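Shown next, in structure tokens, is the structure this report addresses.
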Amino acid sequence: MVGLEGTAGVVHAESVVRVYGEGDTTVRALHGVDVRIEPGRLTAVMGPSGSGKSTLMHILAGLDRPTSGSVRIDGTEITTLGDDALTRLRRRHIGFIFQFFNLLPMLSARDNVLLPLTIAGEKPDPQFFAALIERIGLADRLHHRPAELSGGQQQRVAIARALVSRPTVVFADEPTGNLDSRTSAEILDLMRGSVEEYGQTTVMVTHDARAAAMADRVLYLADGKIVKETGPTSQHEILQLIDTLDVR
Ligand code: ADP
Ligand code: MG
């Protein structure tokens, strides 16, 4: 479409289809998703279990490939990149936060945070690293291993790991899904804070209307399609919407 090319979008997906399996066991997880993620914003993705949220996050982050369709990250089409080029692009542009933290058990919190840089053969900017650790609240836990940390602390490590390389975009797949409500609120504050303070472009899957209400934009997914999109929306309005859209 004329004019759209000029509109900034750090992640731009078009007609994304993902089919799992073959023959009788085929599952169409995504049915042609078009989405443009805008820089410097927090985008929330809501939808019922099985609606394709994780599949979409993995494909937008280059962790999985679509069956068909296009995904561009910072202008580069990633669906046709070779594995090595894709790995390099992910390293530079993508941070990912998982529901179950996915930390390496034998590494300290510090080494887990630094891992993306270590793998790339890089060192952190000492000032940024110190400020990040302070902001995330990990200063007195840096030498502990994941097993010695609470769930909330482990997720803080995972957030710092996602932010440390200052990626183009951070994806978070139900980052509070395994945490109690008080810890969830703290983690959400950190996610929102990284958007405010670092301008960190963030896409977050959540089941929690309170979390989605902190977003600049909410996408609603049902049966592998985006069925609705809203701007900043109150918790109450989001709850009403997911009832009327039947995407709970
Ligand atoms: P959500 O994150 O919204 O719960 P998912 O993206 O995990 O949804 O799953 C979407 C659909 O794809 C579901 O029907 C799920 O069972 C199916 N699915 C997800 N991963 C696989 C896989 N590796 N193999 C087969 N089916 C899968
Ligand atoms: Mg999921």
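List of remarks:
- Order by protection proxy (mean Cβ within 10 Å, highest first), peptides 207-214, 17-24, 34-41, 48-55: 207-214, 48-55, 34-41, 17-24
- Residue-count net charge about M191 - beta-carbon cut-off 13 Å; Lys, Arg +1, Asp, Glu -1: -3
- Each of I187, I226, T168 was scored by the projection of its Cα onto the charge dipole of the range 130-248, and the greatest displacement toward the positive side belongs to T168; charges sit on the C-beta of Lys, Arg, Asp and Glu.
- Candidates per GluC sites (Glu not before Pro) in the range 111-179, loop by DSSP, up to 15 other Cβ within 10 Å: E122
- 1.4 Å probe accessible area per residue over the range 129-193, in Å²: 40 Å²
- Projecting the Cα positions of I78, L63, A44 onto the charge dipole of the range 44-91 (unit charges on Cβ atoms of Lys, Arg, Asp and Glu, taken about the Cα centre) puts A44 furthest along the positive direction.
- The range 135-248: C-alpha gyration tensor shape, a/c 1.5 cut-off, then a/b vs b/c: prolate
- Acute angle (nearest 10 degrees) that the helix 83-93 long axis makes with the longest principal axis of the chain, alpha-carbon atoms: 70 degrees
- Pair-distance profile P(r), taking every C-alpha pair of the chain, with 10 angstrom steps and integer %: 7, 31, 36, 21, 5, 0
- Shape call, the range 40-82: gyration tensor on alpha carbons, a/c limit 1.5: oblate
- Solvent-accessible area of the range 109-149 (1.4 angstrom probe, protein heavy atoms only): carbon and sulfur portion equals 51 percent.
- Net charge dipole, the chain: roughly 380 debye, given to the nearest 20, about the Cα centre with Cβ charges of +1 for Lys and Arg and -1 for Asp and Glu.
- Degrees between helix 181-198 axis and first principal axis of the chain (Cα, 0 to 90, nearest 10): 90 degrees
- Here's how it looks for T168: its modeled amide H is under 5 Å from those of H93, I94, which are all 5 or more places away or on a different chain.
- Gyration tensor verdict on the range 1-114 (Cα atoms; rounded if a/c is under 1.5, prolate if a/b is larger than b/c, oblate otherwise): oblate
- Taking every protein chain into account, the accessible area of the range 1-128 amounts to 52 square angstrom per residue (probe 1.4 Å).
- For L30, residues with placed amide H under 5 Å, excluding near neighbours: R18
- Rounded to 10°, Cα long-axis angle of helix 126-136 versus longest principal axis of the chain: 70 degrees
- Charge dipole (the chain, unit charges on Cβ, about Cα centre) - positive-most of G151, Y20, L30: G151
The values are calculated or read from the model by the stated rules, or taken from the named source; none is laboratory data. Only a predicted model underlies this, so the values are computations on that prediction, with no experimental measurement involved. Every residue, glycine as well, gets a Cβ built from its backbone with ideal geometry; the counts of neighbours run over all protein chains shown. The protein model used for the area step is the full one, side chains on, heavy atoms only, and it has no ligands, DNA or RNA in it. Shrake-Rupley method; radii C 1.70, N 1.55, O 1.52, S 1.80 Å.
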